[in-house]
Protein chains: 2
Amino acid sequence: MLESPIIAIDAMGGDIGPEVTVAAAARILKQRQDVKLILVGLEDKINVQLSRLNIKTSDRLSVQHASEQVAMDEAPALALRKKKDSSMRVAINLVQEGKADAVVSAGNTGALMATSKFVFKTLRGIDRPAIMTTLPNVKGHTHMLDLGANVDCSEDNLFQFAVMGSVTASAVDNVDNPRVGLLNIGSESMKGNAQVKAAEPLLQNSNLNYIGFVEGDDIYNGSVDVVVCDGFVGNISLKSTEGVAKMIGQFMKEEFKRNLFTKLIAFIAMPVLKAFKKRVDHRRYNGASLLGLKKIAIKSHGGADEYAYSKAINVAILEVEKSVPQCIESRLGALLEKTSATC
Amino acid sequence: MLESPIIAIDAMGGDIGPEVTVAAAARILKQRQDVKLILVGLEDKINVQLSRLNIKTSDRLSVQHASEQVAMDEAPALALRKKKDSSMRVAINLVQEGKADAVVSAGNTGALMATSKFVFKTLRGIDRPAIMTTLPNVKGHTHMLDLGANVDCSEDNLFQFAVMGSVTASAVDNVDNPRVGLLNIGSESMKGNAQVKAAEPLLQNSNLNYIGFVEGDDIYNGSVDVVVCDGFVGNISLKSTEGVAKMIGQFMKEEFKRNLFTKLIAFIAMPVLKAFKKRVDHRRYNGASLLGLKKIAIKSHGGADEYAYSKAINVAILEVEKSVPQCIESRLGALLEKTSATC
């Protein structure tokens, strides 16, 4: 690890591109004096944004030209094969060449996973990388994986996800033995589909702080730190909650906008409503980790704004500081060889 | 079908029992002059509640004694074999004997499914019954199945769920061709786990109004009428949204209770907050259907209060009026024999 974390930013990725990514980079440079950023993408477009924000390149902020872009709906395999000079690929290469410590992209998730996996390679002991995100809960936050990288998972995959999730949560949250739960439809041992039933003994016999099966509502009630599931279930759980949260928000807005009287009430209640809005602001949790790779790759939501994108950069910085891939490798090695881990 | 719908109520089922179920029955008798109810369970306990509410039995309200109860955590197979005189079993038997048209229970879900399946039998063409519920969406409501009866599903199971869901939605909502979607992690055809990929062509080649893959957030945005998934995914999606809704509610409460000033605001905003609360009141959607059986069984939430339980009785009444099992059988027969359905 280099002394100052260096983050390679896929400046072209996401629904909006440089307008968001460059502004987010500027925000981070103000917040963190010890971080260096490399903006990767079409030089002209990046420079337009730098001028707009009145920022000059320096030893802390450089631009790396890349002539191509991966489209949001492009087939991952095609992007990997054909777009050798895409902003995403060049940013990933910078990390592989040791010129940066982590890559952040708001681009095509499948392409980011496929390209990172191809370039970085997976850690020894990991069959498949997984996507982990942080979600709010009533007491703090919960880590959850996989969120969609792996749809059909074996019990070994689920076990590896548990190890990766536990190690990462432990490192980024500074806690010793995060509580790990396996997502299921009941807490009794007879419940569940074939995979979770097969994964249960592997987890019980591990030295993870495995607390057993957890249910969907446990993700948000603070009873578990790391929730493990296959990517099909994880993605549907996450999208379902996004849908219901949006609906609740819309209902609330409609009730406060119903008539002049309710609008007046909304005006009076503004300080509370603002505090509430801030509290449920999902942008704070932007930045999902592609775990199980030899280097650090962070996926931002495609529709992230400047603030949200800066949070994803922060996740990358934190994982660099905590040497997350090295910790996972050490813990996995210890599990495989029955020795003690260094992380 | 009898002229007045007769509903057998498992009066002992649920976390609370007769205090809730008898009161809910009383509420329904006031609302619906054309409905008859049979309260099944410990006669003494039911009579205490009837006295408390100052209600007399009549030709519209009778009590059927049953000496046993199924515990909420009892193994379904054990309940089925050993508890022949449980309130749940006796209520189900009343339907089978033609003395009632539908059963409602807030008891042990697994036992209700196992016993209903054993006594009623499944419809021809249905391999496994499924649990369907109604959920709010921004424009109205969505039906979703399976919610947990079947954890490992084949493509044929998913197809049958789609038929049952479509027929039931069509009957209870009075719509001709409800939009049916298959729950997945993306809308592109390359996405999904093995089961949904295998189910897709079956749905595409059917005469259902199949609109393709839908994602978790679509359940709540009004873009689909019937969401089909396996019971593992469905249960986790549902519980996840319950968890996040509860968390949002708690955050809101905390912000309004922060200090004297915010409490004053809460007091002023009370009419709007009440209207909002009513709008997101999940009790309105209580009452899940056990579909695919020859008779009607409705599962109430175990923790339902009087109002919520009365909603479950209403679902039973509606399904009796619409002859839901007969409609499913007719539609399935038509699909299997390529003739036209009578429903």
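Descriptive notes on the structure:
- Output for the stretch A:260-285, where each listed residue is touching a strand residue (DSSP E or B) at 6+ places or on another chain (Cβ under 9 Å) and more than 12 Å from chain B (Cβ to nearest Cβ): A:Arg284, A:Tyr285
- For the stretch A:34-149, the helices (runs of 4 or more DSSP H) that sit wholly inside it and include 2 or more residues that are within 22 Å of A:Ala308 (Cα to Cα) are A:43-52, A:87-96, A:109-120.
- Residue count for the stretch B:152-165, restricted to those that are touching a Phe, Trp or Tyr at 6+ places or on another chain (Cβ under 9 Å) and at pLDDT 95 or above: 1.
- Beta carbons closer than 7 Å, at least 6 apart along the sequence or on distinct chains, pair a first residue in the stretch A:124-138 that is more than 14 Å from every other protein chain (Cβ to nearest Cβ) with a second that is surrounded by fewer than 22 Cβ atoms within 10 Å (Cβ to Cβ) and of a type in the set (D, E, K, R) for A:Arg124/A:Glu329; A:Asp127/A:Asp156; A:Pro129/A:Lys117.
- Among residues of the stretch A:272-289 that are within 17 Å of A:Val138 (Cβ to Cβ), those with a Cβ under 6 angstrom from a residue that is outside any helix (DSSP H, G or I) and not small (Gly, Ala, Ser), sequence gap 6+ or separate chain, pair up as A:Tyr285/A:Thr134.
- Residues in the stretch B:248-259 include at least one that is under 26 Å from the mean Cα position of the chain (by Cα) and at the interface with chain A (Cβ under 7 Å from one of its Cβ atoms).
- Residues that are under 29 Å from A:Ser330 (Cβ atoms), in contact with a Ser or Thr (Cβ under 6 Å, 6 or more places away or on another chain), away from chain B (no Cβ under 13 Å) and buried (at least 23 other Cβ atoms within 10 Å of the Cβ) do not occur anywhere in the stretch A:183-203.
- Hits in the stretch A:304-332 (condition: under 15 Å from A:Asp10 (Cβ atoms) and either outside any helix (DSSP H, G or I) or of a type in the set (Val, Ile, Thr) (or both)): A:Ala304, A:Ile313, A:Val315
- Checking the stretch B:230-238 against the condition returns no match, with no residue being of a type in the set (A, V, I, L, M), more than 9 Å from every other protein chain (Cβ to nearest Cβ) and free of Cβ contacts under 8 Å to residues at least 12 places away in the same chain.
- Unmet requirement for B:Val244, which otherwise passes all of (1) more than 27 Å from B:Gly140 (Cβ to Cβ); (2) of a type outside the set (Asp, Glu); (3) within 7 Å of chain A (Cβ to nearest Cβ): (1)
- Being assigned to a loop (DSSP other than H, G, I, E, B) and at negative phi holds for only one residue in A:Asn207, A:Asn157, and it is A:Asn207.
- Conditions (1) out of contact with any Cys (no Cβ under 8 Å at 6 or more places or on another chain); (2) under 16 Å from B:Lys299 (Cα atoms); number of the one not met by B:Met144: (1)
The values are calculated or read from the model by the stated rules, or taken from the named source; none is laboratory data. Small disclaimer: the values here were computed from a predicted structure and weren't measured. Cβ: placed from backbone, ideal geometry, glycine included. Neighbour counts: every protein chain shown.
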